[in-house]
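The values are calculated or read from the model by the stated rules, or taken from the named source; none is laboratory data. Just so it is clear, the structure is predicted and the values come from calculations on it, not from any experiment. Positions of Cβ are generated from backbone atoms using ideal geometry, with glycine treated the same way; all protein chains shown enter the neighbour counts. Calculation scope for accessible area: heavy atoms of the full protein, side chains included, ligands and nucleic acids excluded. Shrake-Rupley method; radii C 1.70, N 1.55, O 1.52, S 1.80 Å.
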Amino acid sequence: MITVKMEKECGCFKRSDYEAVKTFESKDDALLYAQELCSDMNETFCQKHVFRVTETADNEMTINLAMNG
């Protein structure tokens, strides 16, 4: 099992329908989901933050956010 989780939840994320923690059977599925999620958030959220995926352990990926600009 691979877990994808948000490092911190910004206001846009809290107002979205996305889940802060999601679990997958395969690493490929988790990575695909995390990359698509980051891409969507980078394109549709308020643009205050930039989102990226970091593999933090064998069974965990974290979506990090940083100030944009």
Looking at the range 46-61, can you tell me whether even one residue there is under 9 Å from the mean Cα position of the chain (by Cα) and more than 19 Å from M1 (Cα to Cα)?
yes
Complete set of residues in the range 2-44 that are over 23 Å from D58 (Cα atoms) and of a type in the set (A, V, I, L, M, F, W, C)
C10, C12, F13, M41
Check every one of the strands (runs of 3 or more DSSP E) wholly within the chain and list those with 3 or more residues that are open to solvent by 30 Å² or more (accessible area, probe 1.4 Å).
21-24, 49-57, 60-67
Identify, from the list C46, C12, C38, the residue that is in contact with a Gly (Cβ under 9 Å, 6 or more places away or on another chain) and free of Cβ contacts under 8 Å to residues at least 60 places away in the same chain.
C46
Applying the selection to the range 27-44, what residues are more than 15 Å from K5 (Cα to Cα) and touching a strand residue (DSSP E or B) at 6+ places or on another chain (Cβ under 8 Å)?
N42
